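The values are calculated or read from the model by the stated rules, or taken from the named source; none is laboratory data. Note that the coordinates shown come from a computational prediction; the quantities given were computed from them, not determined experimentally. Cβ placement follows ideal geometry from the backbone for every residue including glycine, while neighbour counts extend to all protein chains displayed. Ligands, DNA and RNA are excluded from the accessible area calculation, which covers all protein heavy atoms including side chains. Shrake-Rupley method; radii C 1.70, N 1.55, O 1.52, S 1.80 Å.
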Amino acid sequence: MTKYVFVTGGVVSGLGKGITASSIALLLKSRGYKVFMQKFDPYMNVDPGTMSPFQHGEVFVTADGCETDLDLGHYERFIDEELNYTSNITNGKIYSSVIEKERRGDYLGATVQMVPHITNEIKNKVYEAGVTSKADIVITEIGGTIGDIESQTFLEALRQIAYEQGSKNTFFVHTTLIPWIYGSGELKTKPTQKSVIEMRSVGLHPHALVCRTPLSLDDSIKNKLSMFCNVPKENIIEAIDVKNIYQIPLNYAEQKIDEIILKQFELDLRKIDLKEWQQLVDTVDHLEREVEVALVGKYTELHDAYLSVTESLKHAGFKYKAKVNIRWVDAENLETGDVNNILKGVKGIVVPGGFGTRGIEGKIKACEYARTNKIPYLGLCLGMQIAVIEFARHVCGLENATSTEFDEVAKTPIIDLMAEQKQINHMGGTLRLGNYACTLKKKSLAHNLYKQDSILERHRHRYEFNNAYKEILEEKGLVFSGINGESNLVEIIEYPDHPFFIASQFHPEFKSRPTRPHPLFDGFIEATLKRS
Ligand code: GLN
């Protein structure tokens, strides 16, 4: 039978609840248990797909094609398990499903209400994750903080699950903040006490507290927290600020959070194997060299908008014991500024995904700079479309080459809508999403990097390379090294007359892991290091 760990947050948001949930899952997995993860987001959007990255950061895409919260990226990177449609539940999803059922007549005769209809729908989503994943333990993070109006129904659903399943099958971890007061020089427990009181007022009781703190918690603080929050002293886990996030699971393991949970679940402790993770932490703590790469985007003020990309660059760096420093380049600045100066000295250039017209010409300039100065280039999704447009304009003489995303009546629509996309009116959930297969051309750079004939990668785009222009580009030396066999769509392009120039229509960044960098990022970082 599946057991459930719920991770809630109190006092303030941004305490690293997602990392806490991932760390707990990693520890339980390292003891041989099958784990699965889930996140509840209390907003009314069905998914974050149509939200601006400025609002929400990156949209993480699962293998089965769901657009999800960026925390799912942390989960996948920590536990190295593929998540799916049961992993990100929003209020929008819950409400639309209840309303659809109401219209269909599923509740004939009943008045449809928050309790029990919305709460039952939420409970079903928790249980569904357990059933479909066949996990021993499902770890569910509740977005937002205790007391938010939006999350009330989620908390009521959890209360009912706790009642139905009992404490041998449910475990509540509450993450809070212990602030340090400048002047009096003290750590303060009151906000945590208040947050636990608020939790109790909705019928929930934390079994463990994870306390984010700048300083170590001494005995007197733990005693106080224990007494006032009804939590055994050993179950008060200190989450001290760290430089290296991979250290966090090890810090929790030392404080035995996994053992505490397993004991309550009456499950065997089993032997823990954290060797690989320990090695990762050592590597990250002892990087020997540095390399700077430019990331050219339009949401560069909010680094979370490119979270998986920057993580993937770091992972590849770990393999070469190198710290990858990012030069954040706002694409619009390249349109008016001096490109040579802005990009001077970088050892590689990444153009990541993006939507809309703003900054496009700047990205094309960055790509041209990389191609002509023989600087390693990695294009991701929009970054591939940019590379193709740049090549068509400046090498093939197709000076009007563009995408119909930027110019609906383009004369040279080298990037265009797929036939199926032309009929679509709704913006939400209608992109080409999730896993699609790609066959790699023998002897190409792509084949050389992947060392496989065919691959599966995750997508999130609406526009495609227009095959009508393939021959002209091929003649001038562009290589189409990855093709989706079923649709004949271009998935990877590369330019062999260059130290490293490759771009993909898919998003490789979703599949990179800290201990297993993605082949495209691996090759890219290796190439940048050769220039250092
Ligand atoms: N805007 C482009 C498209 O829709 C690229 C999308 C992306 O980079 N994720 O095809």
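Kindly provide the helix-only [θ] at 222 nm of the chain, computed as the sum of -39,500 (n - 2.57) over DSSP H runs of four or more divided by all residues, to the nearest 500 deg cm²/dmol? Per the formula, -10500 deg cm²/dmol.
Here Thr357 sits with roughly 80 square angstrom of accessible surface, probe radius 1.4 Å.
In order along the stretch 520-532, phi translates into HN-Hα couplings of 5, 6, 4, x, 4, 5, 4, 5, 5, 5, 5, 8, 7 Hz, rounded to whole numbers, per the Karplus curve 6.51 cos²θ - 1.76 cosθ + 1.60 with θ = phi - 60° and x for Gly and Pro. When the P(r) is computed for the stretch 193-332, the part past 17 Å accounts for 71% of the Cα-Cα pairs. May I ask for the distance between the Cα centers of the stretch 91-163 and the stretch 441-491, given as a whole number of Å? Using only Cα atoms to place each centre, the spacing works out to 42 Å.
Amide H to amide H, with H built 1.01 Å from N, Cys66 comes under 5 Å of no residue 5 or more places away or on another chain.
Annotation for the stretch 172-199 versus the stretch 334-353: alpha-carbon center distance of 45 Å. For the stretch 151-241, the pair-distance distribution built from all alpha carbon pairs, in bins 5 Å wide starting at 0, is 3, 14, 24, 23, 16, 11, 6, 2, 1, 0 percent.
Along the stretch 285-297 the Karplus relation, 6.51 cos²θ - 1.76 cosθ + 1.60 evaluated at θ = phi - 60°, assigns HN-Hα couplings of 6, 10, 6, 9, 9, 9, 8, 10, 10, 8, 10, 9, x Hz to successive residues, with x for each Gly and Pro. Compute the convex hull volume of the Cα atoms of the stretch 313-444, divide it by the residue count, and report the result per residue in Å³ as a whole number. Value for the stretch 313-444: 169 Å³ per residue. Both radii are taken from the alpha-carbon atoms of the stretch 195-264; with Rh as the Kirkwood radius, Rg/Rh is 0.98.
Could you work out the percent of alpha carbon pairs in the chain separated by over 31 Å, rounded to a whole number? Every Cα pair in the chain considered, those over 31 Å come to 50 percent. When nucleic acids and ligands are ignored and a 1.4 Å probe is applied, Arg104 ends up with an accessible area of around 140 Å². Karplus-based coupling profile of the stretch 60-77, in residue order and whole Hz: 8, 10, 7, 4, 7, x, 9, 8, 9, 5, 5, 4, 5, x, 4, 4, 4, 5, with θ = phi - 60° in 6.51 cos²θ - 1.76 cosθ + 1.60 and x standing for Gly or Pro. Taking Cβ atoms as reference points and 10 Å as the exclusive limit, the residues near Lys29 contribute a net charge of -3, counting Lys and Arg as +1 and Asp and Glu as -1. In summary, the lysines within cross-link reach of Lys34, defined as a Cα separation below 24 angstrom excluding same-chain residues under 8 places away, comprise Lys3, Lys17, Lys123, Lys125, Lys134, Lys168, Lys256, Lys263, Lys271, Lys275, Lys511. What the stretch 318-438 shows is 42 Å² of accessible area per residue, with the surface traced by a 1.4 Å probe over protein heavy atoms. Each residue of the stretch 403-522 gets 127 Å³ once the volume of the Cα convex hull is shared out per residue.
The mean accessible area for residues of the stretch 1-117, using a 1.4 Å probe and ignoring ligands and nucleic acids, is 36 Å² per residue.
Counting only protein heavy atoms and a probe of 1.4 Å, the accessible surface of the chain is 49% carbon and sulfur. Between amide H atoms placed 1.01 Å from N, distances below 5 Å from Glu292 occur with Asn325, Lys347, all of them 5 or more places distant or on a separate chain. Among the protein heavy atoms, those of His459 account for about 0 Å² of accessible surface (1.4 Å probe, every chain in place).
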